[in-house]
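Inspection log for the structure reproduced underneath, given as structure tokens.
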Amino acid sequence: MKVPVMAKPMRAVILASGDGSNAEAIVLWARANPGRVEVRAILTDNPQAGVIQRAERLGIPCICICFPEKEMFPDGFMARKRAHENAVAQAVEDLGGEWLLLAGYMRILSGEFLSRFAHAPGGYYRVVNIHPSLLPEYPGKDALRRAFNDGAERSGITVHLVDEGVDSGPVVVQESFPRLPDDDFAAFAARGRQIEHRLFGQALAKLTDFQITKELYEHQHGDH
Ligand code: GRF
């Protein structure tokens, strides 16, 4: 059975920690492609994040859930992380979010947290991430900078489904870009950002009418 689009829009919450240019690109893509992705809200862990002003300008609800202070959890980092993740998961649930779109969210999500978004068949979590490298090359922080410093002749952008690893999980879309002879880091990074701003939309287009969606549809409707 071929299902051209999802039976209902993907209800999503965007998680972002920084400037939020990718979050904005996602919101604009969702508006330009109605019926595919419903952005319920943007959630940030950073009260200084530029994404807060962007959300306001876009008219999208934005909530901030800060990582708890050390003093509140003398039991250590893991207790703080668990408390933060529980609060985030609860907020997403309250917002009616079924999918998480990670757009520069600077926290590694635990397996326990991810399992709350574990509906998709095939073992996928309903969590999508964008990363500035040609994964599996350069996972982790400062990926573009590390590629540049290594003298890489090209880098790329990847949108992938999230698993328990760091920047691992099945690739949805990936696009490479070259390093040109006169590039300084700013020029190299700017080339990557241009791609980023359309690649998440491309991934969402694929996720909302591709094989994964077909499986989800059949799962939801018991149509085997
Ligand atoms: C992007 O480079 C994204 O690939 C990475 O974090 C950055 C976020 O930028 N994961 P912005 O906040 O969306 O402008």
**Q.** Computed [θ] at 222 nm, deg cm²/dmol, the chain (DSSP H ≥ 4; -39,500 (n - 2.57); rounded to nearest 500)
**A.** -11500 deg cm²/dmol
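Within the chain, which whole H helices from DSSP have a Cα span along their axis of at least 27 Å and a mean Kyte-Doolittle hydropathy of -0.5 or more, if any? Before the final figure, lay out the partial values.
Numbers: long enough: 185-207 (32 Å, 0.14).
Span-like helices, by this rule, are 185-207.
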Q | Accessible area of THR44 in the full protein assembly, 1.4 Å probe (Å², nearest 10) | A | 0 Å²
**Q.** Length released on extending from ALA190 to ASP142, taking residue separation times 0.36 nm less the Cα-Cα span
**A.** 15.8 nm
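How high is the FRET efficiency between GLU38 and ILE108 when r is their beta carbon distance and R₀ equals 22 Å, given to the nearest 0.05?
Working: r = 27 Å, r/R0 = 1.21.
FRET efficiency, GLU38 to ILE108: 0.25.
Could you tell me what percent of the DSSP beta bridges with both partners in the chain are antiparallel, to the nearest 5? Spell out each step's value before the answer.
Working: 11 of 28 bridges.
In the chain, approximately 40 percent of DSSP beta bridges are antiparallel ones.
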Q: Express in nm, to one decimal, how much length is gained between ASP182 and LYS8 on full extension, taking 0.36 nm for each residue of separation and deducting their alpha carbon distance.
A: 57.9 nm
Q: Report the GluC sites (Glu not before Pro) located in region 108-196 that are in a DSSP loop and have at most 12 other Cβ atoms inside 10 Å of their Cβ, or state none.
A: GLU153
**Q.** Magnitude of the charge dipole, the chain, Cβ model with Lys/Arg +1 and Asp/Glu -1, debye to 20
**A.** 420 debye
Q: Can you find, among ASN129, GLY76, PRO139, the residue farthest towards the positive end of the dipole of the chain? Put +1 on the C-beta of Lys and Arg, -1 on that of Asp and Glu.
A: ASN129
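Could you size up the charge dipole of region 9-97 around its Cα centre, putting +1 on the beta carbon of Lys and Arg and -1 on that of Asp and Glu, and report it in debye to the nearest 20?
Working: 10 positive and 11 negative charges, 58 e Å.
Dipole of region 9-97, to the nearest 20 debye: 280 debye.
Counting heavy atoms of the protein chains only and a 1.4 Å probe, report the per residue accessible area for the chain as a whole number of Å².
Details: 11050 Å² over 224 residues.
Using a 1.4 Å probe on heavy atoms only, each residue of the chain averages 49 Å².
The values are calculated or read from the model by the stated rules, or taken from the named source; none is laboratory data. Here the structure is a predicted model, which is why all the values come from computation and not from measurement. As a convention, Cβ positions derive from the backbone with ideal geometry for all residues, glycine included, and neighbour counts pool all protein chains shown. Side chains are part of the model used for accessible areas, which takes the heavy atoms of the whole protein and leaves out ligands, DNA and RNA. Shrake-Rupley method; radii C 1.70, N 1.55, O 1.52, S 1.80 Å.
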